[in-house]
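Computed from the coordinates by the stated procedures, all read-outs in this text should not be read as laboratory data. Computed from a predicted model, the values in this text were never measured in an experiment. No Cβ is skipped: glycine too gets one built from the backbone with ideal geometry, and neighbour counts run over all protein chains shown.
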Amino acid sequence: MLLLTQRDLSYAGLLPMRLKRWASRSKTTTVESVTAALAELDASRFVITDHDAEEVLIRSLIRRDGVYKQPNLLAGALREAFLLAARAELGISTTV
C-alpha cells in the first residue's frame, strides 16, 4: 500500500526508491526491512526494482488502477513507458 500512495508515482507505475523515507514512516520499520519487502514483491513479480537507478516499477498499475480507461491518462502513461524503454535500451538512467 505504501508504494501506491506516494505522490510521485507516475501513471506508468514508476516510483523513485526512497528507502530511508519509507522506513521512517514506522517506528518498527528499518531500511533493511523495507529492502526485504521490496525483494519479496520483486520475487513475486508485483514490482521490478532497479537499485542502480533507485527506482521501482509497479507492473500492473495501468491495468489495476484503471489508467487504461481514461484516454488522456493512458496517453501520458504510454509516453512515460516508451521513454523508459528508450532510456533502458540506451543504458541511460531511467529516472523520469
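Overview of results
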read-out	value
MET17, MET1 arranged by Cβ crowding within 10 Å, fewest neighbours leading	MET1, MET17
Derived scalar couplings ³J(HN,Hα) [the stretch 46-60; Karplus, 6.51 cos²θ - 1.76 cosθ + 1.60; whole Hz; x for Gly, Pro]	7, 9, 10, 9, 10, 6, 5, 8, 6, 9, 10, 10, 8, 4, 9
